[in-house]
Amino acid sequence: MKPDRLKKIPLFEGLSDHDLERLATWTDEIDVPSGKNLITQGTFAHEFMVIEAGTAEVSHDGNHLADMGPGEFFGEMALLSHHPRMASVVATSDLSLVVMHERNFRAMEEAVPTVANRIAKVIAERERLAKERGIET
């Protein structure tokens, strides 16, 4: 992944060139077709994904929870909690994804705390919404 593409993603906005270079070495870019199952509820996490382009649907027990688009991310909660994934995510259009595997995600948390803090804020909001919906996190 090229640093100039990473800096266009809201999660990584405002980072130093050094941090962007480091993140670029920890991420891969993949393209997936519409209809591809990206995450299955109940499985264990091995990666964190950020949507660069396209859309995806999030569901829990077959019920629609949210639609996601460019700049949004998923997979972080299961990586951090070491619990099975609480939702499924399916591509609703062709997608370009930035993927970070667990080992690199852990390194990013330590080395680039700005991104880790941004992710933590989103996690807190997702946990609040899950509680409102009666979903265990």
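The values are calculated or read from the model by the stated rules, or taken from the named source; none is laboratory data. This is a predicted model, so every value here is computed, not measured. A quick note on method: Cβ atoms are made from the backbone with ideal geometry, for glycine too, and the neighbour counts reach across all protein chains shown.
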- request: Return the residue satisfying two criteria in turn: it lies in region 9-31 and is touching a residue at least 12 places away in the same chain (Cβ under 8 Å) and part of a loop (DSSP other than H, G, I, E, B), and of such residues it is surrounded by the most Cβ atoms within 10 Å (Cβ to Cβ).
  value: T27
task: Quickly run through region 119-137 and pick out the residues that are surrounded by 17 or more Cβ atoms within 10 Å (Cβ to Cβ) and under 13 Å from the mean Cα position of the chain (by Cα).
output: I119, R126
task: Within region 59-91, count every residue that is β-branched (V, I, T) and at pLDDT below 95.
output: 0
query: When you scan region 83-122, how many residues do you find that are without any contact (Cβ under 8 Å) to a residue 40 or more places away in the chain and more than 26 Å from I135 (Cβ to Cβ)?
result: 3
message: For region 92-107, which positions are in contact with a helix residue (DSSP H, G or I) (Cβ under 6 Å, 6 or more places away or on another chain) and either part of a helix (DSSP H, G or I) or at pLDDT below 90 (or both)?
response: E102, N104, F105
- request: Quick one: in region 32-76, of everything that is among the charged types (D, E, K, R) and not in a loop (DSSP other than H, G, I, E, B), which residue is surrounded by the most Cβ atoms within 10 Å (Cβ to Cβ)?
  value: E76
message: Cβ-Cβ distance below 7 Å, separation of 6 or more or different chains: which pairs start in region 49-62 with a residue that is in contact (Cβ under 8 Å) with a residue 12 or more places away in the chain and end on one that is polar (S, T, N, Q) and not in a strand (DSSP E or B)?
response: G54/S93; T55/T92; T55/S93; A56/T92; E57/T92; H60/Q41
